[in-house]
Amino acid sequence: MSPALDTAYIPPQDREEIIRRAVWDSVVPVDIDHRAPDGEIRARMDVKAVGALRVSSARSTAVTLRRTEQLVRKDEEPSLFLSLQVTGTSMGAQHGRECVLGPGEFAVFRSNAPYTLLFDEGVDHHFLRLPLSVLALPDRLIRDTTTLTFGAGDPLARLAYTYFAQLARSDELHRSDRADAVLAPSVELLRAVLVSRHGGIAPAKDPMEATLGLRITHYIREHLADHDLSAARIAAAHGISVRHLYTVLSRAGISLGDWIRARRLEACRRELAGPAGRSRTVAAIGRSWGFVNATHFSRVFKEAYGVSPRDWRDRRSG
């Protein structure tokens, strides 16, 4: 796989700007403070993707990366970064805390809050980025587990480091048709690491149960367009019984059928108001979001919004 960036082929006077552009385009916008003069700046970066998981492996001369308040405000998709140290050491700071990473250790940082990463010895790192919505963990748990060092004293964290480092290095996997299959176990492994650390030495069962409702609603949102979305399928995807599923949702004040219908109607309303609303029939848009019967779709849409889907589309396109 060809690297996304290799300054060996870039004139020295252009390297700083091209590095900035590559990092902003493929990782996240940050202010970059190079420690070396222009002519001595060197960097190489490989970028891969596994579904929602973005992977970047980077080596460079010494640098400081700052995610500022101004850049945070531009973030369209809040994410969590795993920062895996390969060789040397680095330091990170966020939420008033600092951590130092050595080889075989990692930390996590959230993109929707300022942070600083210092690489005084140069960068030799894997960065993995996942949308916070995919993790579906409470905000407080995410905040409490950022800028902690995961590694040496924690067997689960050591396992996670080995797994994610191998995932970052494997070009063969990213070229295969099985790449998407690793997304779900990657998410579950990271969840287990974070909730275990947040809960001390106790097993992760309680915090995982506490986040179950969030994970269920995220799963439903991801599969709204599936005609076979059902309580049995949702429960099976989370390893629980249908009865437990309804109990979890009831505690959150959610009626499963009503909640799914409302989210599907929201999706239809957005699509009807956009370009697809003019290029596809109302019935086709309804079917694409699980409303198989056009008459039923029109009726529930009007009950929800006080106007038929056809009238809604005509008003928005006019």
Go through Ala267, Ala262 for me and flag whichever is open to solvent by 30 Å² or more (accessible area, probe 1.4 Å) and assigned to a helix (DSSP H, G or I).
Ala262
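Conditions tested, residue by residue: (1) on the phi < 0 side of the Ramachandran plot; (2) open to solvent by 10 Å² or more (accessible area, probe 1.4 Å).
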{"position": "Val72", "(1), (2)": "yes, yes"}
{"position": "Ala93", "(1), (2)": "yes, yes"}
{"position": "Arg97", "(1), (2)": "yes, yes"}
{"position": "Pro103", "(1), (2)": "yes, yes"}
{"position": "His125", "(1), (2)": "yes, no"}
{"position": "Thr147", "(1), (2)": "no, no"}
{"position": "Arg169", "(1), (2)": "yes, yes"}
Count of residues meeting criterion [closer than 19 Å to Ser26 by Cα and of a type in the set (A, V, I, L, M)] in the stretch 56-96:
8
With a cut-off of at least 3 residues that are open to solvent by 20 Å² or more (accessible area, probe 1.4 Å), name the strands (runs of 3 or more DSSP E) lying wholly within the stretch 1-67.
31-34, 43-50, 53-60
Failed item in (1) within 30 Å of Lys48 (Cα to Cα); (2) under 21 Å from the mean Cα position of the chain (by Cα); (3) modelled with pLDDT of 75 or more; (4) surrounded by 14 or more Cβ atoms within 10 Å (Cβ to Cβ), with Gly213 passing the rest
(1)
Could you go through the stretch 275-294 and let me know if any residue there is under 30 Å from the mean Cα position of the chain (by Cα) and exposed (fewer than 15 other Cβ atoms within 10 Å of the Cβ).
yes
What number of residues within the stretch 96-154 satisfy the criterion of being under 26 Å from Ser170 (Cα atoms), in a strand (DSSP E or B) and β-branched (Val, Ile, Thr)?
2
Please count how many residues of the stretch 68-81 are within 21 Å of Leu53 (Cβ to Cβ) and either at pLDDT 95 or above or hydroxyl-bearing (Ser, Thr, Tyr) (or both).
1
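The values are calculated or read from the model by the stated rules, or taken from the named source; none is laboratory data. Since this is a predicted model, take the numbers as computed values, not measurements. Here Cβ is always computed from backbone atoms with ideal geometry, including for glycine, and neighbour counts include all displayed protein chains. The protein model used for the area step is the full one, side chains on, heavy atoms only, and it has no ligands, DNA or RNA in it. Shrake-Rupley method; radii C 1.70, N 1.55, O 1.52, S 1.80 Å.
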